[in-house]
Amino acid sequence: MELVFREDIGKIRQLLPKESRVFVILDDALEQQIDAFEGYTVIRIHASEGGKTMETVMRIVERLSGLGAGRDCFLLGVGGGITCDLTGFTAAIYKRGVRFAFVPTTLLAQADASIGGKNGVNFQGFKNILGTIRQPEWVCICTEFLRTLPLRFWREGVAEMLKTFAIYDAESYRKTLEFFAKDNPNNWLNSSLLPTLISRCTEIKTGVVSRDEKESGERRLLNFGHTFAHAIEKVSRATADAENGLLHGEAVAIGMVMAARISEAEGLCPKGLSETLGNDLKSVGLPVSCDLPAAELSKAISADKKVVGDSIHLILPVSIGDVRDVLMPVSRLQSLIPSLL
């Protein structure tokens with residue numbers, strides 16, 4: 001996979017193959033950017049967690065088939081992490097696999113979701129239970145797309161950046177906190193530090209993926225906060241509705257604090273790390289707790305992809321910049337949940 005940075009949205013066209021028929025899978029929230037892909041066949045989708053399903057994939061496949069897309073076609077996913085997931089999954093299964101690439105348009109997607117080759121869809125409310133691991137040919141990061149990004153979506157991207165740096169890079173973690181401490185997207189966009197931080201985040205993740213693409217070891221570390229986050233997302237959407245529950249990054253922020261509390265209880269990190277982490281996340285506008293039923297969270301965790309037999313891989317922090325992969329009995333983790341909320 002090649003990672004490409006472009007300042008101008010219009011220059012993305014230069015990356016597209018001239019010998020293949022290109023189909024652009026476009027989040028319908030980006031209608032104002034459709035002119036950038038004039039001349040290509042555009043398939044619009046409504047990108048939402050509730051619509052990140054096989055039904056949406058099948059609708060895309062039906063459009064491709066109806067439009068005569070051959071095995072030599074090229075799919076370009078333009079949108080946030082959900083659009084990238086749906087595009088990558090479709091590309092992996094359509095005619096046994098076609099070429100594809102991503103143009104991520106949210107901070108979450110640019111810093112994390114579009115990188116790594118995981119392409120998944122939800123099933124019965126559970127996150128990414130169906131999926132593939134297949135790398136895009138390239139990912140083009142253009143921060144110009146972030147100009148219309150709502151502040152809440154900026155913050156969920158910051159959560160994933162802080163997660164990555166909390167695993168590998170304490171210095172970048174501090175820089176990210178300082179950079180996003182003030183709610184001023186215009187200042188962020190006009191600073192050269194924004195692409196630097198995004199680039200550092202993607203550099204870390206692509207390095208991990210190159211060493212462990214199938215998540216048999218080191219790549220599990222990138223799940224810091226995610227065991228809780230996926231359960232929180234599921235229960236939150238069921239409690240509110242599929243469109244208005246907690247965002248992924250918000251759930252990850254809460255999940256990181258919960259993981260730190262367990263790490264303290266297990267004696268893996270000093271007392272006070274969870275409070276420090278929580279204060280850090282609150283300083284950039286992220287939630288660090290939730291009022292959800294412990295029993296429902298426990299049930300959701302039991303169906304997590306990281307469950308192996310009666311245990312689950314849980315990523316626990318030792319310090320900022322250092323985490324451990326701990327295999328914990330699911331029953332023990334479930335018993336701890338009420339004390340974490």
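The values are calculated or read from the model by the stated rules, or taken from the named source; none is laboratory data. Only a predicted model underlies this, so the values are computations on that prediction, with no experimental measurement involved. Note that we place each Cβ from the backbone using ideal geometry, even for glycine, and neighbour counts take in every protein chain shown.
Show the residue pairs that are 6+ apart or on different chains and have beta-carbon atoms under 7 Å apart, the first residue being within segment 131-150 and among the hydroxyl-bearing types (Ser, Thr, Tyr), the second being assigned to a helix (DSSP H, G or I).
Partner pairs satisfying both residue conditions: Thr132/Phe89; Thr132/Ala92; Thr143/Leu189; Thr143/Leu194; Thr143/Pro195.
Touching a residue at least 60 places away in the same chain (Cβ under 8 Å) and either under 18 Å from Ala113 (Cβ atoms) or surrounded by fewer than 22 Cβ atoms within 10 Å (Cβ to Cβ) (or both): does that describe Asp212? Give the steps one after another, and end with the answer.
On the way: touching a residue at least 60 places away in the same chain (Cβ under 8 Å): no; either under 18 Å from Ala113 (Cβ atoms) or surrounded by fewer than 22 Cβ atoms within 10 Å (Cβ to Cβ) (or both): yes.
Criteria not met by Asp212.
Please work out which one of (1) at pLDDT below 95; (2) touching a helix residue (DSSP H, G or I) at 6+ places or on another chain (Cβ under 6 Å); (3) under 16 Å from Leu193 (Cα atoms) is the condition Lys127 fails and give its number.
All conditions pass for Lys127, except number (3).
Residues to consider are Ser335, Ser319; find the one that is without any contact (Cβ under 8 Å) to a residue 12 or more places away in the chain, touching a helix residue (DSSP H, G or I) at 6+ places or on another chain (Cβ under 9 Å) and not basic (Lys, Arg). Explain how you work it out, then say what you get.
Details: Ser319 fails: without any contact (Cβ under 8 Å) to a residue 12 or more places away in the chain.
Of the residues listed, the single one that is without any contact (Cβ under 8 Å) to a residue 12 or more places away in the chain, touching a helix residue (DSSP H, G or I) at 6+ places or on another chain (Cβ under 9 Å) and not basic (Lys, Arg) is Ser335.
Give Gly50, Gly70, Gly39, Gly77 a once-over and let me know the one that is of a type outside the set (Asp, Glu) and either in contact with a Cys (Cβ under 6 Å, 6 or more places away or on another chain) or surrounded by 22 or more Cβ atoms within 10 Å (Cβ to Cβ) (or both). Write out each step before concluding.
Working: Gly50 fails: either in contact with a Cys (Cβ under 6 Å, 6 or more places away or on another chain) or surrounded by 22 or more Cβ atoms within 10 Å (Cβ to Cβ) (or both); Gly70 fails: either in contact with a Cys (Cβ under 6 Å, 6 or more places away or on another chain) or surrounded by 22 or more Cβ atoms within 10 Å (Cβ to Cβ) (or both); Gly39 fails: either in contact with a Cys (Cβ under 6 Å, 6 or more places away or on another chain) or surrounded by 22 or more Cβ atoms within 10 Å (Cβ to Cβ) (or both).
Result: Gly77 is the single residue among Gly50, Gly70, Gly39, Gly77 that is of a type outside the set (Asp, Glu) and either in contact with a Cys (Cβ under 6 Å, 6 or more places away or on another chain) or surrounded by 22 or more Cβ atoms within 10 Å (Cβ to Cβ) (or both).
Anything in segment 96-115 that is touching an Asp or Glu at 6+ places or on another chain (Cβ under 9 Å) and surrounded by fewer than 22 Cβ atoms within 10 Å (Cβ to Cβ)? List them, or say none.
Passing the criteria: Val98, Arg99.
Step by step: first the residues of segment 14-36, then only those that are among the polar types (S, T, N, Q) and closer than 19 Å to Arg99 by Cα, then the one that is surrounded by the fewest Cβ atoms within 10 Å (Cβ to Cβ). Which residue is that?
Result: Gln14.
Return a yes/no flag: does segment 298-310 have any residue that is in contact with a Lys or Arg (Cβ under 8 Å, 6 or more places away or on another chain), modelled with pLDDT of 95 or more and not assigned by TED's automatic domain parsing to the domain that holds Gly120.
no
Restricting to helices (runs of 4 or more DSSP H) lying wholly in segment 254-341: which have 3 or more residues that are touching a Phe, Trp or Tyr at 6+ places or on another chain (Cβ under 9 Å)?
Values: elements: 273-283, 294-302, 330-340.
Per the criteria, 294-302.
Suppose the filter is closer than 30 Å to Cys140 by Cβ and outside any helix (DSSP H, G or I); does Glu250 pass it?
Values: closer than 30 Å to Cys140 by Cβ: yes; outside any helix (DSSP H, G or I): no.
Answer is no for this residue.
Got a sec? Which of Lys127, Lys163, Lys175, Lys234 is touching a Leu at 6+ places or on another chain (Cβ under 7 Å) and either among the basic types (Lys, Arg) or surrounded by fewer than 20 Cβ atoms within 10 Å (Cβ to Cβ) (or both)? Walk me through it before giving the result.
Numbers: Lys127 fails: touching a Leu at 6+ places or on another chain (Cβ under 7 Å); Lys163 fails: touching a Leu at 6+ places or on another chain (Cβ under 7 Å); Lys234 fails: touching a Leu at 6+ places or on another chain (Cβ under 7 Å).
Of Lys127, Lys163, Lys175, Lys234, the one residue that is touching a Leu at 6+ places or on another chain (Cβ under 7 Å) and either among the basic types (Lys, Arg) or surrounded by fewer than 20 Cβ atoms within 10 Å (Cβ to Cβ) (or both) is Lys175.
(1) assigned to a helix (DSSP H, G or I); (2) more than 12 Å from the chain's Cα centre (by Cα); (3) in contact (Cβ under 8 Å) with a residue 60 or more places away in the chain; (4) surrounded by 21 or more Cβ atoms within 10 Å (Cβ to Cβ): which one isn't true of Val121, the others all being true?
(1)
Give the residues of segment 249-288 that are over 18 Å from Leu316 (Cβ atoms) and either of a type in the set (Val, Ile, Thr) or at pLDDT below 95 (or both), sorted by residue number.
The first filter runs over segment 249-288 and keeps only residues over 18 Å from Leu316 (Cβ atoms), leaving 249-250, 279, 282-287.
Listed by number, the list holds a single entry, Val284.
Only one residue in Val257, Val252, Val288 is crowded, with 21+ Cβ neighbours inside 10 Å, β-branched (Val, Ile, Thr) and in contact with a Lys or Arg (Cβ under 8 Å, 6 or more places away or on another chain). Which one? Don't jump to the end; show me each part of the working.
Details: Val257 fails: in contact with a Lys or Arg (Cβ under 8 Å, 6 or more places away or on another chain); Val288 fails: crowded, with 21+ Cβ neighbours inside 10 Å.
Among Val257, Val252, Val288, only Val252 is crowded, with 21+ Cβ neighbours inside 10 Å, β-branched (Val, Ile, Thr) and in contact with a Lys or Arg (Cβ under 8 Å, 6 or more places away or on another chain).
For Ser48, which of the numbered conditions (1) touching a strand residue (DSSP E or B) at 6+ places or on another chain (Cβ under 7 Å); (2) within 21 Å of Ile129 (Cα to Cα) fails to hold?
Exception for Ser48: condition (1).
Among Glu243, Glu233, which is among the charged types (D, E, K, R), at pLDDT below 95, out of contact with any helix residue (DSSP H, G or I) (no Cβ under 7 Å at 6 or more places or on another chain) and in the same structural domain as Thr164 (by TED's automatic domain parsing)? Outline the logic, then answer.
Values: Glu233 fails: out of contact with any helix residue (DSSP H, G or I) (no Cβ under 7 Å at 6 or more places or on another chain).
Only one candidate qualifies: Glu243.
Per-residue answers, yes or no, for (1) in the same structural domain as Gly79 (by TED's automatic domain parsing); (2) charged (D, E, K, R); (3) part of a helix (DSSP H, G or I); (4) at positive phi:
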residue: Ile129; (1), (2), (3), (4): yes, no, no, no
residue: Gln135; (1), (2), (3), (4): yes, no, no, no
residue: Gly157; (1), (2), (3), (4): no, no, yes, no
residue: Ser199; (1), (2), (3), (4): no, no, yes, no
residue: Glu203; (1), (2), (3), (4): no, yes, yes, no
residue: Thr206; (1), (2), (3), (4): no, no, yes, no
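Of all residues in segment 269-281 being among the charged types (D, E, K, R) and over 18 Å from Lys175 (Cβ atoms), which is surrounded by the most Cβ atoms within 10 Å (Cβ to Cβ)? Spell out how you get there, then give the answer.
Step one: list which residues in segment 269-281 are among the charged types (D, E, K, R), which gives 271, 275, 280.
Then keep just the ones that are over 18 Å from Lys175 (Cβ atoms); that gives 271, 275.
Values: Lys271: 9, Glu275: 14.
Filtering segment 269-281 for residues that are among the charged types (D, E, K, R) and over 18 Å from Lys175 (Cβ atoms), the one surrounded by the most Cβ atoms within 10 Å (Cβ to Cβ) comes out as Glu275.
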